[in-house]
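The values are calculated or read from the model by the stated rules, or taken from the named source; none is laboratory data. Remember, predicted model here, so these are calculated numbers, not experimental data. Cβ sites come from the backbone with ideal geometry, for glycine too, and all protein chains shown count toward neighbours. Heads up: the accessible areas ignore ligands, DNA and RNA and are worked out on the full protein's heavy atoms, side chains in. Shrake-Rupley method; radii C 1.70, N 1.55, O 1.52, S 1.80 Å.
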Amino acid sequence: QQQVKQSPQSLIVQKGGISIINCAYENTAFDYFPWYQQFPGKGPALLIAIRPDVSEKKEGRFTISFNKSAKQFSLHIMDSQPGDSATYFCAASIPIVSGSNYKLTFGKGTLLTVNP
Amino acid sequence: DSGVTQTPKHLITATGQRVTLRCSPRSGDLSVYWYQQSLDQGLQFLIQYYNGEERAKGNILERFSAQQFPDLHSELNLSSLELGDSALYFCASSVGRGPNNEQFFGPGTRLTVL
């Protein structure tokens, strides 16, 4: 099963707070886990990504935590700002066919609103 | 601006019709991906081309087809359109084919089927 489950569907956070978005997957063949950020009227843009041999990756205010045994990963946004208000998608990549090609499976998305 | 361009931005058509969506990847990118985004299904991978050849297929309907031309631009053809085909269609491009190759998304084409 190539499904990625994302929660919550929507999230409201006060400025300066921590935003946490969670994802879970079933297929252990997934080997790359990116997060995408999408603003209204725009295409998704890569925010941060992690491989399963690493438990945490931090870039600025954004951190991915990865729990391989639980097959879960999450995005933490520290000191959330109104400019972070967007839809966030987790994704997982799986090799297909010969293994030199990959496809991304996306979660359903989380609409984050950061109130000033 | 991701460097990926898509035309047209909006497309309104009727059921049963056929449309063509166009994508120009970033300069130097050899891979092109097509995605469909709808409220109920979310963001779904349709198909990938690499240097002119089809490399991976996702949830693409038989009524849909795509190709990548020698200049690396790509077209997604949607035929016998149904109301349920109304969605945002995104093109993305990357340098290579592997998972570590960041995919850069275009601004999308919004298709409305009436």
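Has the range A:15-22 got any residue that is in a loop (DSSP other than H, G, I, E, B), on the phi > 0 side of the Ramachandran plot and at pLDDT 95 or above?
yes
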Within the range A:83-105, the count of residues that are more than 14 Å from residue A:6 (Cα to Cα), surrounded by 15 or more Cβ atoms within 10 Å (Cβ to Cβ) and not basic (Lys, Arg) comes to 10
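Name the residues in the range A:71-113 that are part of a loop (DSSP other than H, G, I, E, B) and either within 14 Å of chain B (Cβ to nearest Cβ) or within 27 Å of residue B:97 (Cβ to Cβ) (or both), would you?
Within the range A:71-113, A:71, A:97, A:98, A:99, A:100, A:107, A:108, A:109 meet the criteria.
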Residues of the range A:32-54 being surrounded by 18 or more Cβ atoms within 10 Å (Cβ to Cβ) and facing chain B (nearest Cβ under 7 Å), which ones? A:32, A:43, A:44
Residue check: is residue B:85 more than 9 Å from chain A (Cβ to nearest Cβ), more than 15 Å from the chain's Cα centre (by Cα) and among the charged types (D, E, K, R)? no
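A quick yes/no check of all residues on (1) of a type in the set (Ser, Thr, Tyr); (2) exposed (fewer than 14 other Cβ atoms within 10 Å of the Cβ); (3) more than 11 Å from chain A (Cβ to nearest Cβ); (4) free of Cβ contacts under 8 Å to residues at least 60 places away in the same chain:
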| position | (1), (2), (3), (4) |
| --- | --- |
| B:12 | no, yes, yes, no |
| B:21 | no, no, yes, no |
| B:28 | no, yes, yes, no |
| B:33 | yes, no, no, no |
| B:58 | no, no, no, yes |
Residue list for the range B:60-103, filter: surrounded by fewer than 22 Cβ atoms within 10 Å (Cβ to Cβ) and among the aromatic types (Phe, Trp, Tyr): B:64, B:69
Filtering the range B:85-106 for residues that are at pLDDT 95 or above and not in a strand (DSSP E or B) leaves a count of 3
Go through A:19, A:74, A:80, A:65 for me and flag whichever is without any contact (Cβ under 8 Å) to a residue 12 or more places away in the chain and open to solvent by less than 50 Å² (accessible area, probe 1.4 Å). A:65
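Considering the range B:77-97 alone, what residues qualify as being closer than 20 Å to residue B:24 by Cα and free of Cβ contacts under 8 Å to residues at least 60 places away in the same chain?
If the condition is that a residue be closer than 20 Å to residue B:24 by Cα and free of Cβ contacts under 8 Å to residues at least 60 places away in the same chain, then B:77, B:87, B:88 are the ones that fit.
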Unique match (being assigned to a strand (DSSP E or B) and more than 22 Å from residue A:93 (Cα to Cα)) among B:81, B:76: B:76
